[in-house]
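The values are calculated or read from the model by the stated rules, or taken from the named source; none is laboratory data. Computed from a prediction, not measured in an experiment: that's the story for all the values here. No Cβ is skipped: glycine too gets one built from the backbone with ideal geometry, and neighbour counts run over all protein chains shown. Ligands, DNA and RNA are excluded from the accessible area calculation, which covers all protein heavy atoms including side chains. Shrake-Rupley method; radii C 1.70, N 1.55, O 1.52, S 1.80 Å.
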Amino acid sequence: MSATQPDLSAGARVALGPSRSNLGLFFARFLGHRAAVASLVVLAVMATAALCAPLISAAIGHDPNAVSILRRFRPPSSVNWLGTDHIGRDLFIRLLYGARISLFAAITAALVAALIGTVVGLVAGYVGGWVDAVLMRFTDAMLALPQLPLYIVLAAVDLKKLGLAAVAQDEMSSLWRIVFIVALLGWTRVARIVRGTTLAARQEPYVRAARALGAGHARIMAVHILPNIASPIIVAITLTIGEVILIESVLSFLGLGIQPPLASWGNMLTNAQEMLWRAPMLAVWPGLCIFVTVICFNFLGDGLQDALDPRSRPDAR
Amino acid sequence: MARFLIDRLLQATFVLLAMSFVVYLLIWLMPGDPLDLQLAADPNMTPESAAILRRVYGLDRPLWDRYLEWLARAVQLDFGPSRLFKVPAMEILVPRLGNTLILLGTALTLAMLIGVPLGVYAARHPHSRIDNAINLLCFAGISMPPFWMALLFILLFAVTLGWLPASGMHPVGQPGLLDRIPFLVMPVMVLTLLNLGAYTRYTRASMLTALRADYVRTARAKGVPERTIVWRHALRNAVIPVVTVIALEFGALFSGALITETMFAYQGMGKMIYDAISGNDYNLALVGLLVATFTVLLASFLADVAYVLLDPRITFGEQRT
């Protein structure tokens, strides 16, 4: 159960996606959620800046990984807009490159997790019976586990012992590892939501009609049920992205996530605690980026939920 | 009822067993084995003596074999020695568990004492200015990276203001309970704020539903004072799902505690697990993870039981509870 959707347990909530006729209604409702609109703008600016990071860094003339002993702990100036870190790298440029990694890892991991969760939830809800019982017991058990300690162990696993020495050599391996372990543990929320909505959708006349017309089970699930339960999945993906950014930042902060020299918002904070007395702002900026991004994704998810599925709200205006 | 409880207990035992094997496997997959570390530390060790030690420790046997042997000892509460502390893992674990319970208990109580009234207020005045402000604060709390909140607190209260110690358990040489309080303030504050947002939102959502129920309308029609309706009639019903969700989310609470303890060098379970994993202390990491899992399972079991006891409408089979 997510922090922002306490009322999702009601499985009977059949969410109808925005069909062409009420697309306008969707936009009207979404635009009425001011925090969500503002969040979308902030996220769009951030994503653009992240995509353009190499251009910006070339224009300003800093390399994100250029180390310089002579330029350690520089205060903000016209040259280094936010100052430099403990080994003389430009903080602003590193934040931009960190955005690339953090956003890419979060979005990819959330999508993979949603894919697994959707398949599990669809099968459980559609097939029912003992398949449903087994899958949901498993999901519940996963949900009940203390996640962070598990993430830490998974992040510490030695790839060489798994016979993946070649993968371990790759500079990007820490990024893919984060994506992998988040997907491995993070699919449960989507699975529960999809299962609940599938259970309800299965009873709908259009599903019975499709069955009467001779559609196979796979076709019914993919073509008839999935589009009709898309809204809660979209909302869940949005909220999961925010969660993944937090998980990535925690693991990277602890030195178990994205490995330097690759910059991520989390690993930029790794040494911040020891340097708190000397350079407090080094601890503030990356954390602020994480905080703003996560809160934007949460507001966006909230706004999407309002717009896609207004009935889910007990306080709908 | 009895069948339900037994069913749940069996299920929890099974999850714990499965967890123990998975964690055993994962820890085996962590870099190095206990002997590699000893070899690296001792230049006089020959390959022959290493092979002997390997046999003594049983490291030459298959993983499955070693797991069963570990399990046989574990059920007798013997989890082997801790590599970092050179004493049985249980001796480290027990006091750490106590410290974590102090931290978690205080933070959980505070978060509920603040969060529930805030949620009730927000639900009584939906879309008011104060509701919007509370909502914003909740989103901020949910979206805050836990370690960053701790960093900001240290920056404010220890570095800038100098009011509170930045980390640790107690002043050097003064391990008394009272001496510990200043060291507890920041960890408790951080952990409380981390969970406050979620609890407030749960309460608000649950209260909104309860305030629309028929019995509330009936009570209003009878002229029951609004205060009584809110706090006696509606809250009583609204708080059941809230407590359940909080118990079910005990794992998240524990994850928050791990970060908080690590940031403030508070000697609890969370920090112990983290230190054990990063210090290759296999036995300690294993037992720590299992105790954490056990605690979380226990919390969700108690939540189920409480739910049944608190809500007489829920029945199992033909029996009424």
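General observations
- Size of segment A:108-308 from its Cα atoms: along the principal axes, largest to smallest, the extents are 71, 44, 28 Å.
- In this calculation the C-beta distance from A:Leu115 to B:Asn132 is compared with R0 = 35 Å, giving a FRET efficiency of 0.50.
- Most positive-pole-ward Cα, B:Leu16, A:Ala222, A:Val157, against dipole of the protein assembly as shown from beta carbon charges: A:Ala222
- Cα-derived Rg over Rh, computed across the protein assembly as shown with Rh taken as Kirkwood radius: 0.97
- With every protein chain in place, segment A:151-263: carbon and sulfur % of accessible area (1.4 Å): 65 percent
- Förster-model FRET efficiency, 45 Å R0, A:Ala47 and A:Val127, C-beta, rounded to 0.05: 0.70
- Cα-centred dipole magnitude for the protein assembly as shown, charges only on beta-carbon of K, R (+1) and D, E (-1), debye, nearest 20: 1980 debye
- With Cα atoms defining each centre, segment B:283-311 and segment A:241-315 are spaced 28 Å apart in the structure.
- The separation of segment A:88-163 from segment B:96-125, counted between C-alpha centres, amounts to 28 Å.
- Sites listed here are trypsin sites (Lys or Arg not before Pro) in segment B:208-280 whose DSSP assignment is loop and whose Cβ has at most 15 other Cβ atoms within 10 Å: B:Arg212, B:Lys222.
- Where B meets A: accessible area buried, both sides, 1.4 Å probe, Å²: 4700 Å²
- Fully extended contour minus Cα-Cα distance, from B:Leu177 to B:Leu161, at 0.36 nm per residue: 3.3 nm
- Burial annotation for segment B:186-211: residues with an accessible-area loss of at least 20 Å² between the isolated chain and the complete set of protein chains, computed on heavy atoms with a 1.4 Å probe, are B:Arg201, B:Tyr202, B:Ala205, B:Leu208.
- About the Cα centre, charge dipole magnitude for chain B (Lys/Arg +1, Asp/Glu -1 at Cβ), debye: 1580 debye
- Solvent-accessible surface ranking, highest first, for A:Phe297, B:Phe294 at 1.4 angstrom: B:Phe294, A:Phe297
- For chain B, the share of accessible area belonging to carbon and sulfur comes to 67 percent (1.4 Å probe, ligands and nucleic acids excluded).
- Over chain B, relative contact order from alpha-carbon pairs under 8 Å, at least 6 apart, %: 26 percent
- For chain B, alpha-carbon Rg and Dmax in angstrom: 24.4, 88
- Per-pair calculated FRET efficiency, R0 = 22 Å: A:Leu184 and A:Val37 via Cβ, rounded to 0.05: 0.05
- The residue among A:Leu239, A:Gly301, A:Leu95 whose Cα reaches farthest toward the positive pole of the charge dipole of the protein assembly as shown, with charges on the beta-carbon of Lys, Arg, Asp and Glu, is A:Gly301.
- Scanning chain B for DSSP H helices at least 27 Å long along the axis (C-alpha atoms) with a Kyte-Doolittle mean no lower than 0.5 picks out B:2-28, B:89-124, B:181-211, B:282-310.
- Helical content alone sets the calculated 222 nm signal of chain B at -23500 deg cm²/dmol, taking -39,500 (n - 2.57) per DSSP H segment of four or more residues and averaging over every residue.
- Buried on complex formation within segment B:137-171 (loss of at least 40 square angstrom of accessible surface versus the isolated chain, 1.4 Å probe, ligands and nucleic acids ignored): B:Phe139, B:Ile142, B:Ser143, B:Pro145, B:Phe147, B:Trp148, B:Leu151, B:Leu155, B:Val159.
- Each Lys and Arg contributes +1 and each Asp and Glu -1, all at the Cβ; summed about the Cα centre of segment A:108-308, the dipole is approximately 600 debye.
- Ranking B:Pro81, B:Thr160, A:Leu122 by how far each Cα lies toward the positive end of the dipole of the protein assembly as shown (charges on Cβ) leaves A:Leu122 at the top.
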